[in-house]
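The values are calculated or read from the model by the stated rules, or taken from the named source; none is laboratory data. All of these numbers come straight from a predicted model, not from anything done at the bench. Here Cβ is always computed from backbone atoms with ideal geometry, including for glycine, and neighbour counts include all displayed protein chains.
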């Protein structure tokens, strides 16, 4: 089969650091290397130098969690059809979110008869539950649900239950997610546990697990940095040395930065925390650290380039991810595994992501986290053992390994279209 043309739609890509944008970029790089044409459509305030990244109509002042926000789906569709009148030239459309730009991509795929792939990255019901103040959760979810239903048919309605939809707000967000998935020809998820939950609430389309994967080039740079510094990728901790933890995620409510900082305050052992990233809880986190006198333990570095974070990871003992119930894969955890860094987490679903012998799981409360982190500090020999396990397993999560599933899917869907 000739090399394919792939249209990627994502509401989060430019001006944002994070696992999903990094994964999309890594996929694009590999696909282009083998000869595919990949065009990314996304909101942005400036047109990037890469002409294969097309910024759709974007709101000037509204930024959600620091990310540019596209205008309504119909405005995006009009812009794209004018710029790409022969949109049917694309062999596959791959959509990554459930917001405006992604909705436009899904609708264009349907309008032009292009096979549609939808990746479901995480739990929008939990985003509402954690990020919207209590009196407004139901209102926000109802509005989002209504707006979504204007563009994507809501043929499945999720009702409140005692499982994962205990409130009206969360039930409405599950309704949004399920119908976005069912609008596609093929659904991709980063984990089996998320697949099970989507099917439980009514996703009927074929679902396939494809890891976000870690950029091969990123890890090659990490190995080069380690070699130039004469430092082993195998981490170790000396007896009596402070436990060094790195937070390399958004500093946001859904990542549960505040419970983590409360855990740090409860620890009895010496600890040093390096926090990289920004987000909607950054100001509150900084205030808490200052108010509770934790400045000697916790340092904030803001959002920085991956290479600089990799350099910092070389001197750390563990990577931290304390989100719970979001069903993301957690590129933070994958990057830790790829660099041989042990991980600390609280969500039991993350057992699917990282090797058991290379990680430490705690309960989600601050007290439980503090107790487990103190245990690690009392057992410094555990760091080297976990790091060794991570290095043994890391080849399985490279993007070059995971991309083969995506290539096979694209080619199968394009071939199916050609045969019709």
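Checked against the criterion of being modelled with pLDDT of 95 or more and under 30 Å from residue 400 (Cα atoms), the candidates 218, 147, 245 yield just one match: 245. Among residues that are at negative phi and not in a helix (DSSP H, G or I), residue 251 is included. Note on the stretch 206-230: residues that are assigned to a loop (DSSP other than H, G, I, E, B), under 23 Å from residue 409 (Cβ atoms) and either out of contact with any strand residue (DSSP E or B) (no Cβ under 9 Å at 6 or more places or on another chain) or in contact (Cβ under 8 Å) with a residue 40 or more places away in the chain (or both) total 5. Residues that are free of Cβ contacts under 8 Å to residues at least 60 places away in the same chain and out of contact with any helix residue (DSSP H, G or I) (no Cβ under 7 Å at 6 or more places or on another chain) within the stretch 273-303 comprise 275, 282, 283, 286, 287, 290, 291, 293, 296, 299, 301, 302, listed in sequence order.
Does residue 50 satisfy the criteria of being in a loop (DSSP other than H, G, I, E, B), outside the structural domain of residue 332 (by TED's automatic domain parsing) and closer than 21 Å to residue 150 by Cα?
No, not satisfied.
Confirm whether residue 57 is more than 27 Å from residue 406 (Cα to Cα), in contact with a helix residue (DSSP H, G or I) (Cβ under 7 Å, 6 or more places away or on another chain) and modelled with pLDDT of 95 or more. The answer is yes for residue 57. Applying the criterion of being closer than 15 Å to residue 59 by Cα and in contact with a strand residue (DSSP E or B) (Cβ under 6 Å, 6 or more places away or on another chain) to the residues of the stretch 80-102, the residue that is surrounded by the fewest Cβ atoms within 10 Å (Cβ to Cβ) is 100.
Can you name every residue in the stretch 393-420 that is free of Cβ contacts under 8 Å to residues at least 12 places away in the same chain and either under 20 Å from residue 35 (Cα atoms) or not in a loop (DSSP other than H, G, I, E, B) (or both)? Step through it out loud before you land on a result.
Keep residues of the stretch 393-420 that are free of Cβ contacts under 8 Å to residues at least 12 places away in the same chain, which gives 395-396, 404, 408, 412, 418-420.
Result: 395, 396, 404, 408, 412, 418, 419.
For residues that are outside any helix (DSSP H, G or I) and either under 21 Å from the mean Cα position of the chain (by Cα) or without any contact (Cβ under 8 Å) to a residue 40 or more places away in the chain (or both), scanning just the stretch 364-392, find the one that is surrounded by the most Cβ atoms within 10 Å (Cβ to Cβ). Among those residues, the one meeting the criterion is 364.
Among the residues of the stretch 374-420, those identified as in contact with a helix residue (DSSP H, G or I) (Cβ under 8 Å, 6 or more places away or on another chain), at pLDDT 90 or above and not assigned by TED's automatic domain parsing to the domain that holds residue 235 are 406, 407.
Strands (runs of 3 or more DSSP E) wholly in the stretch 65-179 with at least 3 residues that are closer than 26 Å to residue 206 by Cβ - which ones?
Values: elements: 67-70, 92-95, 116-119.
In the stretch 65-179, the matching strands (runs of 3 or more DSSP E) lie at 92-95, 116-119.
Does any residue of the stretch 309-330 turn out to be in the same structural domain as residue 368 (by TED's automatic domain parsing), surrounded by fewer than 18 Cβ atoms within 10 Å (Cβ to Cβ), closer than 27 Å to residue 355 by Cα and in contact with a strand residue (DSSP E or B) (Cβ under 8 Å, 6 or more places away or on another chain)? Yes.
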